[in-house]
Amino acid sequence: MRPSVAHAVALLSVLALLLAACGVVEDEPDEAAETDVDEDVDEGLEEDTLLLGHGADPGNPRSIAAEDFAETVEAETDGRFEVQIQGSEQLGSDVEMLEAIETGTIELTANSQGPFSDYVPEVALFGLPFLFDDSETAYEVLDGEVGDELAAMAEDEGMKVLAWWDNGIRHITNSQQPVEDASDLDGMALRTPEDPMTLDIFETLGASPEPIDFGELYLALEQGTVDGQENPLVNIWASDLHEVQDYLSITGHKYEVTPFVMDMDAWEALSEEDQQILEQAAQDARDLQRQEMQEQSEEIEEDIQEYVDINEADVEDLREATADVYDAWEDEFGELVQDLQDAAQ
C-alpha cells in the first residue's frame, strides 16, 4: 500500500533531522565564527608584504644583497613589512620583472642595465665601451649628480630608484679560441643581454650577438647555440658558465649597473618614515653588494683557472675598434655622452 502524503512528509522531516545531527547538513555560521574571520582579515592587513624579484643565482652578490635588504627592512619596521625574495628568474626575465613593476604586480626588483634602458635610455650610456677603467670610478659617477638625474627620469616612468647596485666590469668567455684582439671576434656567436649598447659594441667588433635570457644561457652554451658570452666574473662563476666554456678573455670592455627599483605607486603609499627605512636599507645593501663584487671577483679569477684558459686581451686594439660606438650614441644623446666621459675621468 502506498504511504500517504502526510506520512511521506513526516519521514522526510525525520530524515532531515538525522542528517543534520550527523553533520551532513551544515549549520549557518554563527556570530562567533563571523567575528573570528573578520579578526583574521584585519590581522593580515596589518602586515605588508613586498615582493622582490631578481635574476641572480644563490651566492651571487645580487642575491646576497637582496637578502640583506629584506632582513634590514623587516628588522627596522619591527616586522610590519615582510620582503619575499624570488631569485633565479623565478618571476621571469629582467624584462618581464620590469613589466611587473610597471603594472604593480611586484614591488621591487634588482634588475639590469639593458632592460632598464627601455624606460630610461640614457642609462645605457654607462655601458659605453671602456668608459670606466674600474668599478670604483663608476660608483663615484652613479652616486653623484649623474645618478640623481637618471633616478629622476625613472620616476617619470613610474619607478623609484632606491639605489644603484653593481653589475661589474664585463669579460668574454667562449668555446672557440682566446680573444686576443678584435679580429678574434669576427663571426663569433655571442650571447648578450637585451641591451642596445652591448649589441652595438659586438656588432661593431664583427661578432654575431644573440640576446638570450640569462636563465637560459647555461643550456645555450652547453648545446652550442652560441659560442660564448660576456659577463662579470661573479655571474660567470655563480651560474657555472665556466663548466661549458673553454676560454676566458679579460677584456673589461664595458661596465654595467644594477638598478634597484620600486614601483612608484607602492613607494608613494609608504609613510615618510618607511620610505627612509627602505631607501637606507637599499643603500646599505648596495655597499655590501659592491664589496662582494670586488672580493668575489678577486677570488674567482684565481679559482676559475682550473676550468678555463685565461688570457689578457689587447685592450687598446679593442678600444680603437669600438670608437665608432661613441659617435653613434653621441648622434642620439649629444653632449650627455661627452659629459659622462668627463665625469668618468
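Numbers for the structure displayed
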| item | result |
| --- | --- |
| Computed label-point distance, nm, for sites residue 291 and residue 136 using a 7 Å Cα→Cβ extension | 1.6 |
| Helix runs (DSSP H) in the chain reaching 30 Å along axis by Cα, Kyte-Doolittle at least -0.5 | none |
| Label-point separation, residue 118 to residue 273 (7 Å along Cα→Cβ), nm | 3.9 |
| Considering only the chain, percent of DSSP beta bridges that pair antiparallel, nearest 5 | 50 |
| Estimated FRET transfer efficiency (residue 208, residue 103; beta-carbon r; R0 30 Å; 0.05) | 0.35 |
| Hypothetical label at residue 175: residues of the stretch 204-233 whose amide nitrogen lies under 14 Å (7 Å Cα-Cβ projection) | 217-229 |
| Entry for P(r) over Cα pairs in 10 Å bins from 0, in percent (calculated from the structure that is shown) out of [x] 5, 22, 28, 18, 8, 5, 5, 4, 3, 2, 0; [y] 6, 27, 33, 21, 10, 2, 0; [z] 5, 24, 29, 25, 13, 3, 1, 0 | [x] |
| Net length gained if the chain between residue 149 and residue 336 were fully extended (0.36 nm per residue, minus Cα distance) | 66.2 nm |
| Peptides 104-111, 278-285, 63-70 ordered by average Cβ neighbours within 10 Å, highest first | 104-111, 63-70, 278-285 |
| Mean Cβ count within 10 Å, highest first, over the residues of peptides 288-298, 50-60 | 50-60, 288-298 |
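FYI, it's all coordinate maths here, none of it is from the lab. Please read these numbers as outputs of a predicted model, since none were measured by experiment. All Cβ positions, glycine included, derive from the backbone under ideal geometry; neighbour counts span all protein chains shown.
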